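The values are calculated or read from the model by the stated rules, or taken from the named source; none is laboratory data. Nothing here was measured: the structure is a model prediction, and the numbers come from that model. Backbone-built Cβ (ideal geometry, glycine too); neighbour counts: all protein chains shown.
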Amino acid sequence: MKKVLTVIILCITFIFIYLLELDFFNWFTIAGIKPNLFVILTLFIGLYSGRKMGAILGFVFGLIIDVLGNNVIAPTGVILGIIGFARRIFREKFI
């Protein structure tokens, strides 16, 4: 039950971040660079929910981003999946 609730909360967070990036971050740039909150979300999932959950949710979230926004399917999914899977590298540095 706890994992289901966690996934539901993460999906709601994903929708919120997607809407934020769709609207707010289109005009908010830092030196011409647009921040990507999906990388931060995926890294957070990988650090605190485990490597498997981070990789799966990172890949699924990336595929959703690709389907909704880009013409090419899978690059964002693969990148976010790798970020979620590589939590061990980040965990040793931050925790």
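Within the stretch 13-36, the set of residues being β-branched (Val, Ile, Thr) and either modelled with pLDDT of 85 or more or under 14 Å from ILE65 (Cβ atoms) (or both) comprises THR13, ILE15, ILE17.
Being in a loop (DSSP other than H, G, I, E, B) and modelled with pLDDT under 90, is that true of even one residue in the stretch 76-92? Yes, there is a match, as at least one residue in the stretch 76-92 is in a loop (DSSP other than H, G, I, E, B) and modelled with pLDDT under 90. Filter the stretch 1-33 for residues that are of a type in the set (D, E, K, R) and closer than 15 Å to TYR48 by Cβ; which is surrounded by the most Cβ atoms within 10 Å (Cβ to Cβ)? The residue in question is LYS3.
Against the conditions (1) polar (S, T, N, Q); (2) within 22 Å of VAL4 (Cα to Cα); (3) not in a helix (DSSP H, G or I), ASN71 satisfies every one except (2). Whenever a residue of the stretch 1-20 is closer than 12 Å to LEU37 by Cβ, its partners that are at pLDDT 90 or above and of a type outside the set (D, E, K, R), lying with C-beta atoms within less than 7 angstrom and at least six residues away or across chains, give the pairs THR13/LEU41; PHE14/LEU41; PHE14/PHE61; ILE17/LEU37; ILE17/PHE38; ILE17/LEU41; LEU20/LEU37.
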